[in-house]
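The values are calculated or read from the model by the stated rules, or taken from the named source; none is laboratory data. Note that the structure is predicted; figures quoted are calculated from it, not measured. Quick reminder, even Gly has a Cβ in these numbers, built from the backbone with ideal geometry, and neighbours come from all protein chains shown. Accessible surface is based on the protein model in full, side chains and every heavy atom, while ligands, DNA and RNA are left aside. Shrake-Rupley method; radii C 1.70, N 1.55, O 1.52, S 1.80 Å.
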Amino acid sequence: MMSRTVSSWILTSARNRIVLQGKGRLYSVCIPNRNKIKWKFVFSKTRPCPAGSCGLDNTFSLKKAFRHTSTEEEHFSFQLSPSQINEILRAGELSHKILDLNGKNTNSVLRFESNQLASNAPIEDRRSAATCLQTQGMMFGVFDGHAGSACAQAVGERLLHYIAVSLMSRQTLEEIELAVECMKPVLPILQWHKHPNDVEYREITSQYFESLRVYWQHLLDLETEQGFSLEEALISAFKRLDSDISLEVQAPQENELMRNIALQVAFSGATACVAHVDGVHLHVANAGDCRAVLGVHEEDGTWSTLPLTRDHNAFDEFEIRRLKREHPRSEEKTVFVNDRLLGILMPTRAFGDVQLKWSKELQHSVLENSSDVEALNIYQYVPPNYHTPPYLSAEPEVTYHKLRSKDKFLVIASDGLWELLSNEKVVQLVAGHLAELSAQKPQLALEKPVNLGYMHSLLLQRKNRGVASLDQNAATHLIRHAIGSNEYGEVDQEKLAAMLTLPEDLARMYRDDITVTVVYFNPETIENYYRNNE
């Protein structure tokens, strides 16, 4: 159990400026100073809104009534009631059950559940979920921003559109282009599944659409009837969006707000993990250190873990070798410094981050022509030994998996979760959560007809079993355990309260933003596929 001594130590350490080295990776350089470890932030991890665009980043930040803004506050307390804890943890919950027009589910996805918890203020993670309307399948994405939320916001809004367009037939692309030319309504491409608080860059939507249109015109110019495979479509979409982010900030822009947003998007960064599910065909595209893990229920009743991504970071031997191959031997000792790319960034693949992709001359030219980059928290910083850019890529690694009836769920999450829980622990927690929910469900078919008295007794049974206090959302269940578990794997309410009330100037030392999406598969649909294709 987390004692008051531990809570007091957290507060005292912050006030004495004892900063933990932790797992921070937001453009940071570690600088030892008089036996204390401090972090020098080369680029800001939060960004004030440009004029006229405030409110873009205000999703799921903890309510001020619960979360302190500074460790210097006089009346500082880690106390939260159970209901306050639940209110904070469940604020970003999203769940969606997949049904067709007849109220049935023939989709291989049964439902999905998602949640977010901020560490940064505002949160820098984003998430997306959508059903493809002009092609088959569903998509789920998690985007982990750094140096601000602007890039993650843009990628979360745009990437699934780029993937959907990449998968369209030539005929569909021609129909959409003709509709735009004739100024007629364009066929909807995606059906989004969003949280009510999800935000959009509405001010720049027209520019985003024009860039997307130029992309599908490019696809039409390829004059290939066959089109992309799904793997090719995912890779093409990732790379093209990153290219557009780079080009948009270089283009002349009369509207200052749109110019500022383009600057913030390009000079911040985001890693991305997207899953595309079509029948039994599961593709996962990953660029960076978000992660996707499959929960498998074996025939003997045990659960196993199947990772579908590899972390692209400074600790991965494949990434280290790849980057050293791509640069001269003279840079062999400077590509990675202090377990970071050029001593700055831990992920080795990401959108945006033009500081690690453009030449020094191009960076200087773009920033020199910008009105007030300092107000946007964009700094003209060139790392040491910056000789042969680009050092960073948004090209994803794509994994294909053919779903089996024993594949029960997929967990996609930002590294804020994986820093605190192992793959195996995450699968164990979701599996246990499913079993607990199933055990708590009352058996409704015991008496017929069902009268009000019988229903009342069932509800009392559920209440007595404690179902009301159980998280219905598996993503919330994972976040609760990630930040609140003690050394025995049990949720410690005092530790949980302390982690949730950590002030903005301290929270990032103990945990990152956490975003989790859990996708449940439909075993009947998967079994029917194999039955019909034997």
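Net charge within 13 Å of residue 363 by Cβ-Cβ distance, Lys/Arg positive one each and Asp/Glu negative one each, not counting residue 363 itself? Net charge around residue 363: -1.
With a cut-off of 15 Å between beta carbons, the residues surrounding residue 310 carry a summed charge of -4, where Lys and Arg count +1 and Asp and Glu -1.
Pull out the extension gain between residue 302 and residue 221, defined as 0.36 nm times the separation in residues minus the alpha carbon to alpha carbon distance; nm, one decimal.
Taking residue 302 through residue 221 to full extension adds about 24.0 nm, to one decimal.
Sparsely packed loop sites in the stretch 251-300 (the GluC sites (Glu not before Pro) outside DSSP H, G, I, E and B with at most 13 other Cβ atoms within 10 Å) comprise 254, 298, 299. Protection proxy ranking for 108-116, 126-134, using the average of other Cβ atoms within 10 Å per residue and placing the highest first: 108-116, 126-134. For the stretch 316-361, GluC sites (Glu not before Pro) meeting the loop criterion (DSSP other than H, G, I, E, B) and having at most 15 other Cβ atoms within 10 Å: 326, 332. Along the stretch 120-130 the Karplus relation, 6.51 cos²θ - 1.76 cosθ + 1.60 evaluated at θ = phi - 60°, assigns HN-Hα couplings of 5, 10, x, 4, 9, 7, 9, 8, 9, 8, 7 Hz to successive residues, with x for each Gly and Pro. A cut-off of 5 Å between modelled amide H atoms, ignoring neighbours fewer than 5 places along the same chain, links residue 109 with 522. In the stretch 162-218, a dipole from Cβ-located charges (positive for Lys and Arg, negative for Asp and Glu) runs towards its positive end, and of 212, 173, 192 it is 192 whose Cα lies farthest in that direction.
For the stretch 284-342, the solvent-accessible area works out to 50 Å² per residue, with a probe of 1.4 Å and every protein chain left in place.
Taking a sphere under 12 Å around the Cβ of residue 129 and counting the other residues whose Cβ falls inside, with K and R at +1 and D and E at -1, yields a net charge of +2.
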